[in-house]
1. Going by the conditions given, is Ala84 hydrophobic (A, V, I, L, M, F, W, C) and surrounded by 17 or more Cβ atoms within 10 Å (Cβ to Cβ)?
2. Is there a residue being open to solvent by less than 30 Å² (accessible area, probe 1.4 Å), under 15 Å from the mean Cα position of the chain (by Cα) and at pLDDT 90 or above anywhere in segment 29-44?
3. Keeping to segment 45-62, report how many residues are open to solvent by 30 Å² or more (accessible area, probe 1.4 Å) and in a helix (DSSP H, G or I).
4. Which pairs do you get when a residue that is farther than 20 Å from Val48 by Cβ, found in segment 76-100, comes within reach of a residue that is open to solvent by 60 Å² or more (accessible area, probe 1.4 Å) and in a helix (DSSP H, G or I), reach meaning Cβ atoms under 8 angstrom, with the pair 6+ apart or on two chains?
5. Tell me which residues, restricted to segment 63-77, are open to solvent by 20 Å² or more (accessible area, probe 1.4 Å) and either under 17 Å from Glu37 (Cβ atoms) or modelled with pLDDT under 90 (or both).
6. Filtering segment 10-28 down to residues that are at pLDDT below 80 and assigned to a helix (DSSP H, G or I), which residue is farthest from Ala70 (Cα to Cα)?
Amino acid sequence: ALKHSLAPEKNAYPICVGGSDAVGVWGYIEAWRELVEVDRVEDTFDDVVVAVGSGGTASGLAIGCFLTGAKVKMHAVAVCDDAATFYEHCDEMLQALGLN
């Protein structure tokens, strides 16, 4: 309801919790690209561990890791819900981006 009441008049774009949609995930993909290109994350870390509350961070960083060909292992620790919920969410993000 809020989206429909604000977006047309205010030129607003509501962002899902945790950036957990196909638009928000691009921010995390870009963040990963920057970690690879600027900070050379592969030279420093073998693994990256993130907390998962909505799935946006895990989805975006994992997709970014895949797209950049980085050899860093991604791990996500669920802080709510269960692993199956987040696997499903990450799969939805892949499908939304045409990467399934």
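1. In short, no.
2. Yes, segment 29-44 has at least one match.
3. Final tally of qualifying residues: 2.
4. Between residues of segment 76-100 that are farther than 20 Å from Val48 by Cβ and residues that are open to solvent by 60 Å² or more (accessible area, probe 1.4 Å) and in a helix (DSSP H, G or I), the close pairs are Asn100/Asp91.
5. Phe66, Leu67, Thr68, Gly69, Lys71
6. Here the residue is Lys10.
The values are calculated or read from the model by the stated rules, or taken from the named source; none is laboratory data. Quick caveat: nothing in here was measured; it's all calculated off a predicted structure. Heads up, the Cβs are rebuilt from the backbone with ideal geometry, glycines too, and the neighbour counts pull from every protein chain shown. The protein model used for the area step is the full one, side chains on, heavy atoms only, and it has no ligands, DNA or RNA in it. Shrake-Rupley method; radii C 1.70, N 1.55, O 1.52, S 1.80 Å.
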